[in-house]
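Each remark here refers to the structure printed beneath this line.
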């Protein structure tokens with residue numbers, strides 16, 4: 001493997017790390033926006049995350065066998081280069097672990113909010129049906145009677 005190829009390989013690893021770090025940052029912003037119910041800004045952040053994921057996908061398409069290239073290069077490359085690569089990979093893995101944790105927490109938070117909203121809507125719906133049971137459709141709006149057939 002040539003020095004130029006090793007350099008390209010290390011640059012790709014660094015780009016992946018940078019994209020993952022950007023995703024982590026955007027994930028933190030996403031959590032803040034969900035907490036503050038700022039859905040307009042949330043859509044913008046989600047769009048930015050999608051673009052970063054697209055860039056990661058482009059890197060994968062350009063070098064689909066990156067892991068195999070790394071294994072081969074690591075066996076013949078200078079130790080300093082290998083150490084640099086291992087460091088970048090370790091940082092990327094740490095970023096990804098934190099990203100997964102944030103995304104899991106965000107998903108759980110959104111699920112709780114959805115369930116709470118669903119319960120609130122059900123309570124409103126039940127209250128509306130109970131209100132209708134007391135309403136006489138033919139009577140003036142101020143007259144209330146229990147309709148036991150409803």
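Among the residues examined, residue 31 does not qualify as part of a helix (DSSP H, G or I), at pLDDT 95 or above and either out of contact with any strand residue (DSSP E or B) (no Cβ under 9 Å at 6 or more places or on another chain) or under 19 Å from residue 111 (Cα atoms) (or both).
Of the residues 47, 127, 54, 137, the single one that is closer than 30 Å to residue 34 by Cβ and modelled with pLDDT under 95 is 127.
All conditions in (1) within 30 Å of residue 5 (Cα to Cα); (2) exposed (fewer than 11 other Cβ atoms within 10 Å of the Cβ) hold for residue 94, with the sole exception of (2).
Within the range 64-75, not a single residue is exposed (fewer than 13 other Cβ atoms within 10 Å of the Cβ), closer than 27 Å to residue 113 by Cβ and within 25 Å of the chain's Cα centre (by Cα). Of the residues screened, residue 7 is not one that is touching a residue at least 40 places away in the same chain (Cβ under 8 Å) and part of a helix (DSSP H, G or I).
Which one is modelled with the lowest pLDDT, of the residues in the range 94-124 that are in contact with a helix residue (DSSP H, G or I) (Cβ under 9 Å, 6 or more places away or on another chain) and under 28 Å from residue 13 (Cα atoms)? The selected residue is 106. Considered as a group, the residues in the range 76-85 that are under 15 Å from residue 8 (Cα atoms) and part of a helix (DSSP H, G or I) include one that is nearest to the chain's Cα centre (by Cα), and that residue is 85.
Against the definition (exposed (fewer than 11 other Cβ atoms within 10 Å of the Cβ) and either at positive phi or in a helix (DSSP H, G or I) (or both)), how does residue 114 come out, yes or no? Against the criterion (exposed (fewer than 11 other Cβ atoms within 10 Å of the Cβ) and either at positive phi or in a helix (DSSP H, G or I) (or both)), residue 114 qualifies.
The values are calculated or read from the model by the stated rules, or taken from the named source; none is laboratory data. Note that the coordinates shown come from a computational prediction; the quantities given were computed from them, not determined experimentally. Neighbour counts are summed over all protein chains in view; Cβ atoms, including those assigned to glycine, are modelled from backbone coordinates with ideal geometry.
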